[in-house]
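Peer 1: The structure follows.
Every number here is computed from the coordinates shown, using simple stated rules; none is lab data. In this text the structure is predicted, and so the values were computed from the model without any measurement. Cβ atoms come from the backbone with ideal geometry, glycine included; neighbour counts cover every protein chain shown.
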Ligand SMILES: O=C(O)CCC(=O)C(=O)O
């Protein structure tokens, strides 16, 4: 199903019901079965390096070797399992998102960084909890449909100031709580407004995260530099996430353009002549 009509984003899911739900809400619950859970728990047990009581996200861990080990463990565990669910997609990154007891997590509503040209494509965080999650044990909260009403690019390391309050004034208490049991996963459009619920239980909430995009969609990354400018990168694959310092931006990658938002705060496309390479490989 590669190559949609002009202006119509490529589909995400093979299944029509999941596709309709994902397109409308910016999220959908998928069933993965339970066969992978023992191996997933074992990988977390063996590899994770959680220190302290805050939310642990391996993508921004200081040691790139750790990021790489986790990404390759997660993509090789989950990639084959979800291949048939997604419509010609590839996984470009994997991570651990581990919420210790007592942690509020990322409690402020936010959107994730931009990874593809969202006027043509969607990218996905497949959020896979290894324990049951609810409003008090670290479930994701969502603002359904919000991926469609704030079409800006989202740079590292922080949102662009001219795009306004990243939470867009949404109170987490009013957001939809995605309760899940082990074996279920939440596919989240990187553009949908979401946040963590607190983990008020006395057990750790381990999650595997898998980042996916359509195989034909070039990867993109925006990095906020100064005076409102953003540098644009077109990484060939997801390996830049394994090396990058969130504050300095991707290492060793060529800047393919510089953009700043228009006065209405919007930014839709790259400057003319700024075409990232097609990427079709995972990490
Ligand atoms: O897992 C969580 O608690 C929050 C994850 C999240 O919001 C993110 O990775 O952007």
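Peer 1: Please indicate, with yes or no, whether at least one residue in the range 232-243 is within 13 Å of the ligand (Cβ to nearest atom), touching a residue at least 24 places away in the same chain (Cβ under 8 Å) and under 16 Å from the mean Cα position of the chain (by Cα). Please lay out each step first, then the result.
Peer 2: Here is the first cut: in the range 232-243, the ones within 13 Å of the ligand (Cβ to nearest atom) are 241.
Narrowing the set further to residues that are touching a residue at least 24 places away in the same chain (Cβ under 8 Å) leaves 241.
Restricting the remaining residues to those that are under 16 Å from the mean Cα position of the chain (by Cα) gives 241.
Yes, the range 232-243 contains at least one residue that is within 13 Å of the ligand (Cβ to nearest atom), touching a residue at least 24 places away in the same chain (Cβ under 8 Å) and under 16 Å from the mean Cα position of the chain (by Cα).
Peer 1: I would also like to ask the following. Working only within the range 122-169, note down all residues that are away from the ligand (no atom under 13 Å from the Cβ) and crowded, with 19+ Cβ neighbours inside 10 Å.
Peer 2: Those that are away from the ligand (no atom under 13 Å from the Cβ) and crowded, with 19+ Cβ neighbours inside 10 Å: 122, 146, 147, 152, 153, 155, 160.
Peer 1: Quick one: is residue 183 out of contact with any helix residue (DSSP H, G or I) (no Cβ under 6 Å at 6 or more places or on another chain) and over 26 Å from residue 53 (Cα atoms)?
Peer 2: It is false that residue 183 is out of contact with any helix residue (DSSP H, G or I) (no Cβ under 6 Å at 6 or more places or on another chain) and over 26 Å from residue 53 (Cα atoms).
Peer 1: Could you please let me know if residue 70 is away from the ligand (no atom under 12 Å from the Cβ) and under 23 Å from residue 26 (Cβ atoms)? Quick ask: steps written out before the conclusion?
Peer 2: Values: away from the ligand (no atom under 12 Å from the Cβ): yes; under 23 Å from residue 26 (Cβ atoms): no.
Spelling it out, it is not the case that residue 70 is away from the ligand (no atom under 12 Å from the Cβ) and under 23 Å from residue 26 (Cβ atoms).
Peer 1: Still on this structure, I have one more. From 45, 62, 21, which residue is surrounded by 14 or more Cβ atoms within 10 Å (Cβ to Cβ) and without any contact (Cβ under 8 Å) to a residue 12 or more places away in the chain?
Peer 2: On the way: 45 fails: surrounded by 14 or more Cβ atoms within 10 Å (Cβ to Cβ); 62 fails: surrounded by 14 or more Cβ atoms within 10 Å (Cβ to Cβ).
Residue meeting the stated conditions: 21.
Peer 1: Ok, one more. Of everything in the range 155-177 that's in contact (Cβ under 8 Å) with a residue 12 or more places away in the chain and not in a loop (DSSP other than H, G, I, E, B), which residue is nearest to residue 136 (Cα to Cα)? I'd like the intermediate steps shown before the answer.
Peer 2: Kept after step one, since they are in contact (Cβ under 8 Å) with a residue 12 or more places away in the chain, are these residues of the range 155-177: 155-164, 166-168, 170, 172, 175-177.
Those still in the list that are not in a loop (DSSP other than H, G, I, E, B) too: 156, 161-163, 172, 176-177.
On the way: 156: 29, 161: 31, 162: 34, 163: 31, 172: 13, 176: 13, 177: 10 Å.
Ranking the candidates gives 177 first.
So that you can scan it fast, the table gives a plain yes or no per residue for (1) in contact with a helix residue (DSSP H, G or I) (Cβ under 6 Å, 6 or more places away or on another chain); (2) at positive phi:
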| position | (1), (2) |
| --- | --- |
| 19 | no, no |
| 42 | no, no |
| 51 | no, no |
| 62 | no, no |
| 75 | no, no |
| 88 | no, yes |
| 94 | yes, no |
| 97 | no, no |
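Peer 1: Can you pull out the residues in the range 13-57 that are in a loop (DSSP other than H, G, I, E, B) and in contact with a strand residue (DSSP E or B) (Cβ under 6 Å, 6 or more places away or on another chain)?
Peer 2: Applying the first criterion (in a loop (DSSP other than H, G, I, E, B)) to the range 13-57 yields 14-15, 26, 32-36, 48-55.
Selection gives 26, 32, 48, 50, 55.
Peer 1: Is it the case that residue 207 is in a strand (DSSP E or B), within 15 Å of the ligand (Cβ to nearest atom) and within 18 Å of the chain's Cα centre (by Cα)?
Peer 2: Details: in a strand (DSSP E or B): yes; within 15 Å of the ligand (Cβ to nearest atom): yes; within 18 Å of the chain's Cα centre (by Cα): yes.
It is true that residue 207 is in a strand (DSSP E or B), within 15 Å of the ligand (Cβ to nearest atom) and within 18 Å of the chain's Cα centre (by Cα).
Peer 1: Here's another thing I want to ask about it. Please count how many residues of the range 178-203 are within 15 Å of residue 106 (Cα to Cα) and more than 12 Å from the ligand (Cβ to nearest atom).
Peer 2: 1
Peer 1: Which members of the range 186-204 meet the condition of being assigned to a strand (DSSP E or B) and more than 18 Å from the chain's Cα centre (by Cα)?
Peer 2: Initially, the range 186-204 is screened for residues assigned to a strand (DSSP E or B), giving 186-189, 194-196, 199.
The answer is 199, and nothing else.
Peer 1: Taking the residues in the range 90-108 that are under 14 Å from the mean Cα position of the chain (by Cα) and crowded, with 21+ Cβ neighbours inside 10 Å as candidates, determine which candidate is nearest to the ligand (Cβ to nearest atom). Full working, then the answer.
Peer 2: Going residue by residue through the range 90-108, those that are under 14 Å from the mean Cα position of the chain (by Cα) are 90-97, 106.
Those left that are additionally crowded, with 21+ Cβ neighbours inside 10 Å: 90-97.
Numbers: 90: 20, 91: 15, 92: 15, 93: 11, 94: 12, 95: 8, 96: 10, 97: 4 Å.
Residue satisfying both the conditions and the ranking: 97.
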